[in-house]
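The structure appears right after this line, and notes come after that.
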Amino acid sequence: MNRITLAAGAAIAAAGLLCTAAASAAPATGPDPASANARNPATAAADADAPREVVKYADLNIGTDDGAHILYRRIVAAARNVCVAPESLNLRATAAVHACRDAAVAAAVRQVNSTKLAAEFAARSKSG
């Protein structure tokens, strides 16, 4: 089954919020976050409590513009759900939430590794 798991993590406290994405259908690139967390128990504990949302896309043909667009919208919606704004917003918190969402979407797009999805992401990133 094709799916992406988006999670708001606490791995980089200085940045405020961090969102990561992992795709079970695509091979992972870079270091395994689980092994990195095994070396840093504090990060593992914080990430285990982080909100997560699975985005399924087995029903989509992401090789088409329509399929890529639908998946992109699902990813953005999931990023909004895991990167939640605190009740009292200030400029720093607002910026951190936006950075979290942007990072989650970008990571999910990279994990899916679809040229159509990447094009959708690039077009949306330019237009805001």
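Return the only residue of VAL82, VAL97 being in contact with a Leu (Cβ under 9 Å, 6 or more places away or on another chain), touching a residue at least 40 places away in the same chain (Cβ under 8 Å) and either closer than 21 Å to HIS69 by Cα or not hydrophobic (A, V, I, L, M, F, W, C) (or both). Selected residue: VAL82, the only one of VAL82, VAL97 that is in contact with a Leu (Cβ under 9 Å, 6 or more places away or on another chain), touching a residue at least 40 places away in the same chain (Cβ under 8 Å) and either closer than 21 Å to HIS69 by Cα or not hydrophobic (A, V, I, L, M, F, W, C) (or both).
Return a yes/no flag: does the stretch 83-96 have any residue that is in contact with a strand residue (DSSP E or B) (Cβ under 7 Å, 6 or more places away or on another chain) and not in a helix (DSSP H, G or I). The answer is yes, given that some residue of the stretch 83-96 is in contact with a strand residue (DSSP E or B) (Cβ under 7 Å, 6 or more places away or on another chain) and not in a helix (DSSP H, G or I).
Being charged (D, E, K, R) and at pLDDT 95 or above, is that true of even one residue in the stretch 61-70?
Yes, the stretch 61-70 contains a residue that is charged (D, E, K, R) and at pLDDT 95 or above.
Quick check on ALA99: is it buried (at least 22 other Cβ atoms within 10 Å of the Cβ) and closer than 19 Å to ALA50 by Cβ? It is false that ALA99 is buried (at least 22 other Cβ atoms within 10 Å of the Cβ) and closer than 19 Å to ALA50 by Cβ. Residues in the stretch 111-128 that are within 21 Å of ALA58 (Cα to Cα) and free of Cβ contacts under 8 Å to residues at least 12 places away in the same chain: THR115, ALA118. Hey, any hits in the stretch 112-122 for a residue that's of a type in the set (Gly, Ala, Ser) and closer than 14 Å to THR5 by Cα? No, the stretch 112-122 contains no residue that is of a type in the set (Gly, Ala, Ser) and closer than 14 Å to THR5 by Cα.
Taken as a whole, the condition of being assigned to a helix (DSSP H, G or I), of a type outside the set (A, V, I, L, M), closer than 14 Å to ASN2 by Cα and without any contact (Cβ under 8 Å) to a residue 60 or more places away in the chain applies to GLY67.
The values are calculated or read from the model by the stated rules, or taken from the named source; none is laboratory data. Just so we're clear, the structure is a prediction, and the values are computed from it rather than from any experiment. Here the Cβ is made from the backbone with ideal geometry for all residues, glycine too, and neighbour counts use every protein chain on show.
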